[in-house]
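**Student:** Structure incoming, see below.
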Amino acid sequence: MNIEAAGTGIFAIVLTMAIVTLATRWGGVYVMSFVPISYRVKQFIQAMSGSVLVALLAPIAVTGDSGARIALLTTAVTMLVLKKPLPAIALGIVAAAITRQF
Amino acid sequence: MACADTELHHLDKPLIWSGFKQLAPISIFVIVFGAAFGLAATQAGLSSSTTVVMSTLVFAGAAQFAALDLWGTHIPLFTMMMTVFAINARHLLMGATLYPWLRHLSPAKRYGVMLVASDANWAMSMQAFSRGKPGLGLLFGGGLALWFFWVVGTWLGVYFGSAVSNPESLGLDMVMGCFLLSMVIGGEKNLRMLIIWTVAATASLLAFRYLPANSHIMVGAVAGGVAGTVWGAQNDEH
């Protein structure tokens, strides 16, 4: 089904996006209220929560341009050395900007 | 700290305000990222009001950027829904990981707090819990900060975005990636996590290559979760 990108159609699209996103924000909590959290489930979720970020980042690192890769590398190294997210993120972005000037 | 487990779910105004303030410095980047979105949305043909309303109601950067790819004179509703769901499925995990503390709250508070759940404030609150400190103030107060600055940033991007003509040359497209990476590395680091991350990354890349678009996030997450269950169980037996 295609929605025309005009007037109420646009509002319907944005509202749909909002409802789907809200369902993901509430869904995890709602489901957990029926499923008891065993040690195994906790371990699964803990491993999963870090893995989501890794899964999101892996293709960015592999398919990104050299600017993207150097940005991630800079952030990783800075984070390991300084253990502070703000300088790590800032230096990563600066590294990408510098790389892309060449 | 003699903080019992039952006190960690505590949530009051000072804690929410403290969470807001703790996430405020990160919000500088949220403004920049929001501005990048506002600019990209304008270029994709969204009106300024649509863009700001989207940031206000959806409040999910990656999903909103992905939605711009699908924008045209006609928008495929089902594809849009699945894309937004796939990218935001990690919220399901956030809710699940937060449940041990959220369950002590009334349903209204529990779901109210989750309205503003996103990567940064979730990670900060989980970090607080793992150190034995109350984390729900960070989740809600921090979430309000992120949401507020995300909308402000979007608005700035829409109205003054012409100043940043090429956000990629300034590295601004890497804000999200660098942020998420700093969260990964800031977390628990040991051999078990390294194995889990490797499994997650490998599964994600395979899915990215061979499975439908955006499925790689859930595939990698589930693979990493399974790896964590297997590895953790082995540790228990010894």
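The values are calculated or read from the model by the stated rules, or taken from the named source; none is laboratory data. For clarity, every value in this text was computed on a predicted model and none was experimentally measured. Please note: Cβ atoms are built from the backbone with ideal geometry, for glycine as well, and neighbour counts cover all protein chains shown. Each accessible area value is taken on the protein alone, full model and side chains, heavy atoms only, with ligands, DNA and RNA left out. Shrake-Rupley method; radii C 1.70, N 1.55, O 1.52, S 1.80 Å.
**Student:** Binning at 5 angstrom from zero up to the longest distance, how are the C-alpha pair distances of the stretch B:188-238 distributed in percent?
**Tutor:** The distribution over the stretch B:188-238 is 5, 24, 24, 20, 13, 8, 4, 1, 0, given as percents.
**Student:** In the protein assembly as shown, what is the count of Lys pairs whose alpha carbons are under 25 Å apart, counting only pairs at least 8 residues apart or on separate chains?
**Tutor:** 16
**Student:** For the protein assembly as shown, with all protein chains present and a 1.4 Å probe, just round the carbon and sulfur fraction of the accessible area to a whole percent.
**Tutor:** Carbon and sulfur atoms account for 69 percent of the accessible area of the protein assembly as shown.
**Student:** How big is the convex hull of the Cα atoms of the stretch B:119-204, per residue, in Å³?
**Tutor:** For the stretch B:119-204, the hull spanned by Cα atoms encloses 119 Å³ per residue.
**Student:** Now for a different question. So how much accessible area does B:I26 have, in Å² to the nearest 10, using a 1.4 Å probe?
**Tutor:** 20
**Student:** If every alpha-carbon in the stretch A:51-102 counts as one equal scatterer, what log10 I(q)/I(0) does Debye give at q = 0.13, 0.18, 0.25, 0.30 1/Å?
**Tutor:** Relative scattering, expressed as log10 I(q)/I(0), comes to -0.30, -0.55, -0.94, -1.09.
**Student:** Placing unit charges on C-beta atoms (Lys and Arg positive, Asp and Glu negative, everything else neutral), compute the dipole magnitude of the protein assembly as shown about its Cα centre in debye, rounded to 20.
**Tutor:** 560
**Student:** Separate question: Using a 10 Å Cβ count of at most 12 others and DSSP loop calls, identify the longest part of chain B lacking such trypsin sites (Lys or Arg not before Pro). Display every interim value, and only then the final one.
**Tutor:** Values: sites that count: B:R131, B:K189.
So the longest stretch without any such site is B:1-130.
**Student:** Using the alpha carbons of chain B, what is the convex hull volume per residue in cubic angstrom, as a whole number? Please list the in-between numbers first.
**Tutor:** Numbers: hull volume 36.8 nm³, N = 238.
Once divided by residue count, the hull of chain B is 155 Å³.
**Student:** Explain nothing, just the number: dipole magnitude of chain A about its Cα centre with +1 on each Lys and Arg Cβ and -1 on each Asp and Glu Cβ, in debye rounded to the nearest 20.
**Tutor:** On the way: 7 positive and 2 negative charges, 93 e Å.
Value, rounded to 20: 440 debye.
**Student:** Return the long-range amide H neighbours of A:I3 (sequence gap of 5 or more, or a different chain), with a cut-off of under 5 Å between placed amide H atoms.
**Tutor:** B:I75, B:L77
**Student:** Using only C-alpha atoms and all pairs of different ones, pull out the Kirkwood radius for the stretch B:1-97 in Å with one decimal.
**Tutor:** In the stretch B:1-97 this quantity evaluates to 16.1 Å.
**Student:** How long, wide and thick is the stretch B:68-141, going by the Cα atoms along their three principal axes, in whole angstroms, largest first?
**Tutor:** Each principal axis gives a Cα extent; for the stretch B:68-141 these are 50, 23, 19 Å.
**Student:** Which translational diffusion coefficient, to the nearest whole µm²/s, is obtained for the protein assembly as shown from the Stokes-Einstein equation, given a Kirkwood hydrodynamic radius over C-alpha pairs, 25 °C and 0.890 mPa s?
**Tutor:** So the translational diffusion coefficient is about 120 µm²/s.
**Student:** Debye calculation, C-alpha points only, no solvent: report log10 I(q)/I(0) for chain A at q = 0.19 Å⁻¹, in the same order as the q values.
**Tutor:** Summing over Cα pairs of chain A leads to -0.95.
**Student:** Under unit Cβ charges (Lys, Arg +1; Asp, Glu -1), what dipole magnitude, rounded to 20 debye, does chain B have relative to its Cα centre?
**Tutor:** 300
**Student:** A further question on this structure: Can you list which of the DSSP-assigned H helices in chain A have a Cα extent of 30 Å or more along the long axis and an average Kyte-Doolittle score of at least -0.5?
**Tutor:** Working: long enough: A:8-32 (36 Å, 1.57); A:39-63 (36 Å, 1.12).
What comes out of the filter, once short or polar helices are dropped, is A:8-32, A:39-63.
**Student:** Separate question: Each label point is 7 Å from the Cα along the Cα-to-Cβ direction; what then is the distance between the points at B:A108 and B:L57, in nm?
**Tutor:** The modelled label-to-label distance comes out at 2.5 nm.
**Student:** Between A:V81 and B:Y210, with labels modelled 7 Å along Cα→Cβ, what's the label distance in nm to one decimal, could you check?
**Tutor:** Once both label points are built, they end up 4.0 nm from each other.
**Student:** Which whole-number percent gives the relative contact order of chain B, counting Cα pairs below 8 Å spaced six or more residues apart?
**Tutor:** Reported relative contact order: 32 percent.
**Student:** With axes computed from alpha carbons, what is the tilt in degrees of helix B:175-186 against the longest principal axis of chain B, rounded to the nearest 10 within 0 to 90?
**Tutor:** Helix B:175-186 sits roughly 10 degrees off the main axis of chain B.
**Student:** When only Cα pairs under 8 Å and 6 or more residues apart are kept, what is the percent relative contact order across chain A?
**Tutor:** 17
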